[in-house]
Amino acid sequence: MRKMNLATAVVLALAAPGPAAYAQTSTTPDTRVAATNAVSPGIQLDEVRASKMIGSEVYDVQNRKIGSVRDVIINKDGKVDAVVVDVGSFLGMGGKNVAVPLSDIKTDNNRLALDKTKEQLQQMAEYRLEDRSTGAGSSTSPVEGGRLGR
């Protein structure tokens, strides 16, 4: 009888389902990467924080300071429409804001560089950060000057 109970127990143990298994879909490495990169875990090499960009000085290709980033304009789709550069001001007075495409700004040794001269930027149309008819632009950005990435 004892042999029968042991044999029955072994058969039942082998026939019994194992630990509860959960349905899993097979994923290839590419789909796992896409799923985890929906929001990257940290800043990437090709990304720049807007908070570090605002207030940063902008230089021309001859390494001359031509202005500083005043603001970053984002459209309703979440894409950057323009980077507003303050050109020609001294202690915050006398200059004007101009808008340049983000693609025109390059990072060089942790600094922002633009392939335009100060004179070319001063000839551009002024960009108004406030629109009195819509109320847009009434908030102020925190300005932290200096080099990009601090």
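A short reminder: the numbers here are calculations on the coordinates, not readings from a lab. All values reported here derive from a predicted model rather than from experimental measurement. For neighbour counting, all protein chains shown are included, and Cβ atoms are generated from backbone atoms with ideal geometry for every residue, glycine included.
Note on LEU102 and GLN62: the model spin-label points, each 7 Å out from Cα along the C-beta direction, lie 3.1 nm apart. Across the cross-link table entries LYS79/LYS116; LYS79/LYS106; LYS52/LYS79; LYS65/LYS118, which are compared at the Cα atoms, the separations over 20 Å belong to LYS79/LYS116. The amide H of SER68, built 1.01 Å from its N in the peptide plane, has VAL58, ASP86 as neighbours under 5 Å, considering only residues 5 or more places off or on other chains. The simple spin-label model puts a point 7 Å past each Cα toward its Cβ; for THR117 and VAL80 those points are separated by 2.6 nm. Label-to-label distance, MET124 versus LEU45, with points set 7 angstrom from Cα along the beta-carbon direction: 2.8 nm.
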